[in-house]
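The values are calculated or read from the model by the stated rules, or taken from the named source; none is laboratory data. The model shown is predicted, which means the values in this text are computed figures rather than measured ones.
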Amino acid sequence: MMRGYGGFPFNQGFGMMGSFSWFGLFICLLVISLVVLGIIFLLKLVLNKGTINRTVSNQSNIEILKVRLAKGEISKEEYDSIRKSL
């Protein structure tokens, strides 16, 4: 005599998923929440990128010029001439 589905006695009366129905539900909820969190993370990353660019553009021209001089992108003579023109 067969008991339950497929002859397994431990899944009798639990339907197609057997006794793992709550575990399967937990895994599905976990996967869905990870996907939603990933989408939120990507949206924040994209939206904050614009904020960083706006912050840099709000710096004064002299500060940007000082940073370029410190990095070695421009020489002292170029710094002086650009600073005078500002």
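Residues in the stretch 1-42 that are part of a helix (DSSP H, G or I), within 37 Å of the chain's Cα centre (by Cα) and modelled with pLDDT under 60: 18, 19. Just so you know, in the stretch 49-86 the residues that are over 29 Å from the mean Cα position of the chain (by Cα) and part of a loop (DSSP other than H, G, I, E, B) include one that is modelled with the lowest pLDDT, and it is 86.
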